Structure formats: C-alpha cells, structure tokens
Amino acid sequence: MMSLLSSWSLALTALATVPLADPWQREYTSAEAQSAHVIALWQFHAGAELEDSSGHGHTLELAGAQTCAEGRFGGGLQSFPGWPIEDVRHAAVAPAHPDLSPAGAFSIDLWLKPSPDLPPGGNCYLLCKKYVSHHDYQLLLTAAAGGARRLHCCLGFGSDSEHFYSDAVAWPADEWQHIAVTYDGAGTVRFYRNGQSLGGRTAPGRRAISPGPLPLSLGERTGSLYSGFAGILDQIRLSQGVREFAQLRVELDLERRVFVRQEPPPTATVHVLNLRSEPLAAVTVSAALSGLPAGDFELSDLLPGKPQTITFPLDTSLRPDLYDLQIRATLARGEAAQPGSLPDSLVTTYPIRLVARPVPDRMPVVQWGVGGVSAVVKELPRLKQLGFTHCLGLDVDEAQVWKAQQPQQSWPEEKRSAVAAMLDEALANDFRVLISLSPGSSLEHMTSEFARVDRAGNPLSEAGINGWYAPVQKFCEDVGCSAGQLYGPFPAFAGALIHTETRDAVALSYSDADRAAYRQATGAEIPDEVIAKWGIDRHTLAGFPDDGVIPDDHPLYRYLQWFWRTGDAWPVLNTATARGLKRGAPHRADLWTFHDPAVRVASVFGSGGEVDVLSQWTYSYPEPLRIGLPTDELLAMVRGASTPQRVMKMTQIIWYRSETAPVTKGAAPQVRSPWVDTDPDAAFITIAPMHLREAFWTKISRPIQGIMYHGWESLVATDYPAIYRYTHTQTQHELQRLVHEIVEPLGPMLRNVPAARHDVAFYESFAAQMFAQRGAYGWSHTWTGDCYQVLQHAGLQADVLYDESISDLGLDNYKVLVMPDADVLTQTVAERVRAFQQAGGIVVADDRLASAITPDIRLTPLVRTQQADVDKAALLALAATLRQELAGRYEWPAESSNPDIVPYRRTFSAPGGGASTYLFLVNDCRAFGQYVGQHGLVQEAGRLSAGTVTLRTDPPGSVVYDLVAHRRVESVPVPGGDALPATCSWPVTLGPCDGRLFLAVPRPISSLRVSLPPSVARGAAARCRIEVLDDLEAPVPAVLPLRVTLSDPDGRPAEYSGYHAAIAGQLELSFELARNDLPGAWHLQIEELASGLQADYELLVQGDDVDSVPSAD
C-alpha cells in the first residue's frame, strides 16, 4: 500500500511549560477543592451532602432531586426524568450569587452515570442557570441520530445566545463517565469525556457571558418544561479559567486547513504533550489522512508539560475533497492507568480540505466591500449565490507600520486565527478576498510633517499628503509589503485596491521636494502664473494665441501635464504600494493590484502608476450608456501606460437620491414609489434593475478583464443601519442572472477577445481642459460625455485619444476624428489634425473648436434640460444628424436600423489565418417607470426594441451565431461590389435594456474533434485536445466558449471542469488524476456554446493496489 504522507521528520522541541491536567480521575482533595480557581464544588459527602466543598458557601437546596450513597466517590445526587414522562422538577439548587456567573473563561466538570430510565430522545439537563433568558449558561445531553447523544452547552451574551455541541457518542447505562466543558471567554467551547476530546467550536466575536439573576439548578432545568437527568451526578465543579482535562494532548500546528490541489506540500507540525504529573516512558504516534496510514513513530521520555514534536508534509496531489487528518497517540504497555482513568490511546481528528485549482480565465466579479473579517464569513453564502468571485475584506495596521518604520509581521493571535479561518472558508468556497490599501491617505491623518504647502511655505489642510518625500514613499511600500507578508501565504488572498479616491482634493504644492521633482523631470521651474491644478482661463493670460494653438512646451501646459501625470505624486505612491505588496509575497505571481477611480483625472497618461489593473466606478443615471466613455477612457489610459495594464469596470449599485428622486418641495408626485414611505430619509437608493442590466452589457462589450460593484447595503437587505439603503428588491436577482447566464459561461471567451481596430477617434484635449476648463474627468458628464453618447447612438465605435496619443502615434489609422470641447490644441496636435484632413479624414467638432482647425461636420452641443425624455430625444436627434452628414463619406463596420439598439464590435484574428467578429448589441429604449420615473430625471424602465443589424464581413457570407441563445442565426448575405463591402444582416428583438452577443465566422461550425487517450492510470495525466472545426474540418478562427466536464463513475466533476475558451478553435487540458480517484469509466462531456454542438467521450481510469481514500463527507 502506498503511503499518503511521506518524508516524516522527528524533532524534540522544548516549548514553554503548559498547565497539567486536573486529577479528575480521583476525588478532589481539600487542597484541590479549595484552590483559588474553584468557584464551587459539590461532592455530596456523607453528613455534608449539600455543602459546597470549595468553602465559598454555595450550599444546595433540594427541589425534587435526592442525595444517595451510590456516587462515584461515595455520595451522589440522583435526578429523574421530567417531561414528557412528568413535568415535575427534580433539582438541587444553589441560590443566585454573582460568583456563579464567571466574568471570563470558566470550566465545568462532573461525573455522571445514566440510569436505564434515561429517555431515548429529548433533552436531559445537567446544569442550568439561564432557562430561556440570554444570560449565564446551561449544560445538557441532547439526542442525536442512532441513539447517540451530544453534550450541548448554551451560553447567554445579553442580547442573544450561542449554542455549542459536542460530537455524538453513545452513553451506556450504569457506567460512570467524566465530562467537562471549557469556555475561554473569547468564543471557544471545548468538550471532553474521560479525558478524550469530544470536539468544540469557536464563535467569532464572542466575549464573556452575561450574568443573570437565576439560581443554579443541578440535574434539572431551571424552569418548566422540566427535563431532568435520569441518573446520578457526582463531583460537580465550577472553575474559573480553562482547566485541562486531557492526560495527553495532541496539537496540530498548521495555520491553514484548506489547500489548493498540487500546491507545494505544506508542513504539518504535531506537538505531543504529556499532561500527567509523572513522565511517560514511550508513546507511539501515527497519522493518517482519511484512512491511509503514514506509519508509527516512537516518542520516549515525555516529561510532564513538555511537548515533543513531529513534522510531516501533507500530500496535496490527492483529489479535491474533505479529509480527516487523524493523529493517534498510543501509550506503551504498562503506561495506562486503571480503567476509567486514562485511555490507552488518544485520537485527535482535524478536517483538511483540498480544493481544485481555479479554471483558467474565470472573469472576476468583485463586490467592493461587505465589512471586515467576520462580515465576509457571514455574507459569503450570499456573495456566492449572487455570483461574486471576490470582495474586499482585509486590512493592515497602518499606524503600527508607521510607528515601527517597518512592515507589519503579524496580527495578535485572536485576529490572526480569525483571518486564517476566514481565508480558509473563502478558499473552500472558490472565493477570493482583496484588501484596500490607502497608506498615503492614512498618513495624512497621522502626521502633518509631509503636508503640501502654498507658495509661502504654509501647510495646506485636507490637500493630500505630499508623496515626494522619501519617508512617505517608504511608508507606502512598507504597508504594501505588510499586506503581502500577512496574507500572501493564503491562496484566497488575491490582491489589493490601491489608494481609492485620493486625487480629488489634491492641491498644487510648492515645497522644495515638489520643485526638485519638477526640475528633475523637465529642467524647468514651476511657473509663477500657475494657481490651480484645474488650469487657468486662457482669457486672463496676456498674449494667449487667438487661434487656440499653443506650443508643446508652453510653460503652464508643460507643468500642468507633469502635475496630472505624476506631479501630485499619487501615481508614485500607487507604484510604491503595489511594489511593496509584490515584495512581501514574492512567491505569489498571481496577485494583482488595481486603482479606482483611475480616470477621474485630466486626460493624460499615467493614472494609477504601476498597478496591474485600472478601474473606474460609474453611476448609471441619467443614461446607462454613459458607462461607455469612462470604460473607453480606461482603455486609452492603459495604451499609454509605462507597464502592461488591464482594465476592469465598476458599476455603482447606489444612486444618489438627490439626482434621481429628490425630496419633493411642494406638491408630491401623484405616483409614489413604496420605498419613499418605508425609507423616507434615504440619501442613497438602489440602482434600478434595468439600468444595472444595460450598464452591464455596455461595459462587457468592451475588452475588459473583470467587473466590479459597490454598495452592498443597497443590493441586499442587511441587519445593521447603513447610509446605503435597500430600496429595490429585484436588482440583486438581475445581477445574479447576468452573472450566471452571461459572465460564467462566456467570461473566459470575453477575456480573450481583443478590441477591434477602430477607424473613429474621440479626442479629449488636455490643453482645452487646462485653458478652457473643459472635460468630463471620468464622470461622463458635460458636453464631452453627451457627445460620446451621440456617437454610440450613431453607431460609431471610437478610440479615445489624448494629446500624447496623437503626438506619439498620429491619426493614420482613423477616418473620422471627433473633437468636442477642443478650444485649445498643442502645436503638434493641430499639425496632425490638419494632415489628417488633408489625407481625407473627416473632423467632427462643435463651435468651440480652436479656430486654427475648420471642422468638416459641426455639431451643436446639447444643453440638458433635466428632463430625461427631452434630453434623450435630443441625443437621438444629434445622432441622426451626424449619420446624415456622414452618409456616403463613411462606411459603418456594423450598424443598426434602430438608434436605440447600439452596436459594439470586437474582432479576433487567428495566428494561422482567418478572423471572426463579435457584435454586441445594447438596447437603450427606456421610459419613465414608477420607481423614480415620476421625478422626470431618469427613465428607469426598459422597453423592447426591434430592428435589423448589418455587419460588414470579410469574406462574404459569414455565418452568424447567437452566443446567448447558443444557436445559429439565419442571416442574409450581401456580396458587395462596386467598392461596396460585403455585408450580412439579420433581424433582432431585444428585451428591456437587454443585450445580445453575436459571433460571425467565415464558415459554419460543424464538428468537435477530441484527442483523448483511451485509458490512464491513477496518478498520471490524461492530456485532452479539443478542436472546434468548420465544414472543411479546419479549426474555426475564433475564440469559442466551451463547457467541459470530466466526471468520475460517481458523477463527481474532476478538476478543470467548467467553462473554457477555445482560442483559435483549440483548447488543451491536462487532467491530472489523483492516486485516490475512483477507477472505472469516466465521462467527458463537451458543449460548444456558440452552435450548441455536444460530444461525449469515455476515459477508462485504471485501478491499482491502492484503495480509493474515502472522504470525510
């Protein structure tokens, strides 16, 4: 038989002396009975049957129970069954006293002998001081399956109670058993019987019990319905502190209990402690994981209270499952005491779980925050149910880091245990946890030493920390390193949000550090004229060019561009924090960092520094399509990043009530939404479900790598007060549907489909933002945001360009350049635009355009009326005008006959040739509803939309598939000719605010070809190659969504079962069989989710001489 655990090492370790076990096997003597820790002790001695042997005067009064001579050590207390036999009290009562309500940790131990009359079901009370209150404690035997019983300890904490249960065991009649229960005053209860552990549990956050006024009842419940213990009790003791009752303790020193399959084997350390007052000559220790033995190991000369230690690696190559790690310590012959005192062996069991490795390319769905460690544990079931894969929920003690001037090494034991348990629970549920780190913001409130200063050197309050000081940068790196060191060992830890919402309040600073940083970057001094980061009105500057064109090295322009790029030092601090995180966890290449809101800045590259991901939150009102501009701005920002970056996008679950359903002054609307009556003071309400749906489709149409949401208390009902209010019950269900129906099956594909090459550009002029106070600053408002919505309704798909984009790369790839709010241009941009026009490019602009450029098409900026229907009609009218102006001058790659059906296109080119097109459609047809629509600010109710979509195809006759319905769509091909492109078209009907995704490929998807060995041995790998073929048996040149499931003979899915992306029509998987997998015929199911093709194959897993390991389930 193969060994499960290998390479054991044995070490003798001299650890701190631990308390020895109480001598519960014998009668407590006067010295033990009256020790300082003893609160009360009843031993029922002849002639003093009801007296308290501790000397504290807690004398009993009989109330139905009887003393007897048949106790464990002489006299005893006999009680009898109560209801349902008879609802009669059978108790001995100690009058109420404050000492009988221990203020912290405490222990209860006693001897009991059940009588044959012990009822087979129901509860039997051993001690009770709480009755039905939420104070004090009670201990009872409660029925379990198969005739067994559990010890049940209930503790009252004032406002509620907590229940703890032991393992279920048999309790033979007429046999004396010693039982004990300990509570550590911090949430942990442990049970013992005859020195053997009967389990226990930790309730996080609990502290001391709440003292109550009731007397202490022995052998019976305090009140009716009475449920006495049918049997005899003896030596009942109540003690302060956690007493020790095991004679031999086996402790597993292993912080984590959940592991990822095939991760480097963790080292388990086991301490074996002799808790007797005399030495043990020899103990044999063995370990097994759910039945597979590891061997026997001899320990000798175990001194009282001194541990000896063994270490061994856990095998993580087993199949994902829950296992019992069983440690058995067996005494050598002659070491066992008399029967009933010390068992010959002690068996301690610890649950160990192995989880499957993550399926590649799962799209993250991030909930920003539900609270801290305990809140994550509490909300994990709901987070999973709604489809979230990540959430924020960790922290670093930044004050400690600053005080120590070095990274934080650990948490206090209590918090560290809670963190480890939470991260284990998350990993067991295939969930990941992030941390929010804002050390720069925190430091501003810890010291004024690094304040920004005005020109006179006076500190500026609430203006942001000055990150150009070396100690600030070091602190940020130390905080990041702290997070890496604290949480990097836990696979459930996934990364960090770095410095959220830090740049808004930043003011210009003129310290020596600022001046030196600018001088080093440019060789120049900070201009005297600069007064604010928002720039300066050009009309106040003498000699400002009348045509709106400034030199590229204009002193104010150059300084402000530097300030917004890196000069406020927040990107520098982001980089320091992100680097610190990676330094603190160098083995975790999978960790990722993100910055949000990343485009709430002027239009220059560099936001976020060197974080891995840029993100931006967006409110969906008044039109959900507005989320498109900040998403495309993020894509523009990463194109200019100094290091590779990805994009994710966040939708706010919350709405500002003031901007959607303000408190009415005067006459109220005739239609009132129910939430207005139930939550009249709400300042933040829930996003309407149709807005969430449309915003979702708008953002996933872009090549983003994950989606995020913020506003947990507005998404679900919570049991605590919050500023965010839960005012729409359907929103959470809509999000759940979108994740389960769209993100999960299509997410891996979406993450691998790149952007299309666009021939329309949308220019955001930094020069105009600084000298004419233009721009949307990530909010998608002002004419800049409205103009972008006009483009979307006109079917124009654009790249967002900044000054640097045009200066560095030019405009050769574009046919149309849209220039809203471009009052001021740099010389290089102006020259590139003129050259673009001379080459036949079309410039679309408004009457604010710098006079040096004459637009080919002029748009009139929209002036919003705050009437949602009027403003939407105006947007559509502008879109229609733009389409008319472009007709005959521009060929749309994709278009819709209905301007409310907005197209967005992505393309994939296969390395071996051939290409495919992904066409997203978003329905923006909306009307006023009864949630907030009566206020006229937001049209929140979606409506159906129908139309015809046309896609330019190459080659002609492309075949179209609906990736949501998983079927082919009948399309009408148009060959083209006379310089007209080939197209195909098909009718569509979209549900309210809904989206759709179509795939156009050159030839029809025809078959699946699978390469799989006919058989494989356990412990070996079965390599599987899946090809999606067209009608010519060539791989389809597309990224295709697949569902792959390999299941064992019992139907258990194997690792990597789930949704995948077949890139260029091909997917390779390696199924690594575990040594304890079931032998027999395994079933491989493959479903191609574009055409709906399915295939089934069989894999024979060969057995060997190793029995399959049973799981702990």
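Taken together, the values in this text are just the output of simple stated rules run on the coordinates, not laboratory data. Bear in mind the structure is a predicted one, so any value in this text is a computation, not a measurement. Don't worry about glycine lacking a Cβ; one is built from the backbone with ideal geometry, like all the others, and counts go over all protein chains shown.
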### Message
Quick check: pseudo-label points 7 Å beyond the Cα along Cα→Cβ at residue 160 and residue 301, how many nm apart are they?
### Response
5.3 nm
#### Entry: Farthest positive-ward along segment 1005-1102 dipole, Cα basis, beta-carbon charges - from 1067, 1022, 1097
1022
### Query
For the residue pair residue 1047 and residue 1100, what label-to-label distance in nm results when each label sits 7 Å from Cα along the Cα-to-beta-carbon direction?
2.2 nm
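Among 297, 490, which comes first, second and so on when ranked by fewest other beta-carbon atoms within 10 Å?
In order of increasing Cβ crowding within 10 Å: 297, 490.
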### Task
Please get the size of the charge dipole for segment 1016-1113, origin at its Cα centre, with Cβ charges of +1 on Lys and Arg and -1 on Asp and Glu, quoted in debye to the nearest 20.
200 debye
### Message
Given Cβ point charges of +1 (Lys, Arg) and -1 (Asp, Glu) and nothing else, what value in debye, to the nearest 20, does the dipole of the chain about its Cα centre take?
### Response
600 debye
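Applying 1/(1 + (r/R0)^6) with R0 = 60 Å to the Cβ-Cβ distance of residue 85 and residue 1015, what FRET efficiency is obtained, to the nearest 0.05?
Details: r = 63 Å, r/R0 = 1.06.
Using R0 = 60 Å, I get an efficiency of 0.40.
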### Query
When the Cα centres of segment 932-978 and segment 602-675 are compared, how far apart do they sit, in Å?
26 Å
### Task
Name the helices (complete DSSP H segments) of the chain with a Cα length along the long axis of 24 Å or more and a Kyte-Doolittle mean of at least -0.5, or state none.
470-487, 868-886
### Task
With a point put 7 Å past each Cα toward its Cβ, work out how far residue 531 is from residue 73 in nm, to one decimal.
8.9 nm
### Task
Pull out a ≥ b ≥ c, the square roots of the eigenvalues of the alpha-carbon gyration tensor of the chain, then state rounded if a/c is under 1.5, prolate if not and a/b is larger than b/c, and oblate in the remaining case.
prolate
### Query
Can you give the FRET efficiency for residue 729 and residue 400, using 1/(1 + (r/R0)^6), R0 = 45 Å, r = Cβ-Cβ distance, to the nearest 0.05?
0.60
### Task
Could you please report the charge total around residue 1035, scoring K, R as +1 and D, E as -1 over all other residues with beta-carbon less than 15 angstrom from its beta-carbon?
-3
### Task
Can you spot the lysines whose alpha carbon is less than 16 Å from residue 474's alpha carbon? Ignore those fewer than 8 places along the same chain.
403, 582
### Task
Subtract the Cα-Cα distance of residue 860 and residue 986 from 0.36 nm times their separation in residues, and report this length gain in nm to one decimal.
42.0 nm
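Take peptides 59-72, 445-458 and line them up by average Cβ neighbours within 10 Å, highest first, as a rough protection proxy.
In descending order of packing, they fall as 59-72, 445-458.
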#### Entry: At R0 = 41 Å, FRET efficiency that the Cβ-Cβ distance of residue 590 and residue 808 yields, to 0.05
0.80
## Note on the structure
Expected unfolding gain across residue 409-residue 429 under the 0.36 nm per residue rule, minus the alpha-carbon gap, is 4.5 nm
### Task
Give the distance, in whole Å, between the Cα centre of segment 291-328 and the Cα centre of segment 869-897.
72 Å
### Task
Figure the gain on full extension for residue 1025 and residue 967 (residue separation times 0.36 nm, minus the Cα-Cα span) and round it to one decimal in nm.
18.5 nm
### Query
With a sphere of radius 13 Å drawn around the Cβ of residue 228, what net charge do the other residues whose Cβ falls strictly inside it have (Lys, Arg +1; Asp, Glu -1)?
-2
### Message
Helix-only estimate, please: 222 nm mean residue ellipticity of the chain, summing -39500 (n - 2.57) across DSSP H runs of length 4 or more and dividing by its residues, to the nearest 500.
### Response
-5500 deg cm²/dmol
### Query
Taking the Cα centre of segment 30-240 as origin and charging only Cβ (+1 Lys, Arg; -1 Asp, Glu), how large is the dipole, in debye to the nearest 20?
600 debye
### Task
Within the set of other residues whose C-beta is less than 11 Å from the C-beta of residue 862, count the net charge using Lys and Arg as +1 and Asp and Glu as -1.
-1
### Message
Could you tell me the center-to-center distance, by alpha carbons, between segment 69-109 and segment 794-842 in angstrom?
### Response
87 Å
#### Entry: Partner aspartates and glutamates for residue 378 [C-alpha distance under 17 Å; skip if fewer than 8 residues away on the same chain]
160, 162, 424, 425, 430, 713, 719
## Note on the structure
Listing 401, 922 by rising number of other beta-carbon atoms within 10 angstrom, fewest first, gives 401, 922
### Message
Run the reach check for residue 113 against lysines, Cα to Cα strictly under 29 Å, same-chain hits fewer than 8 apart removed. What comes back?
### Response
129, 130
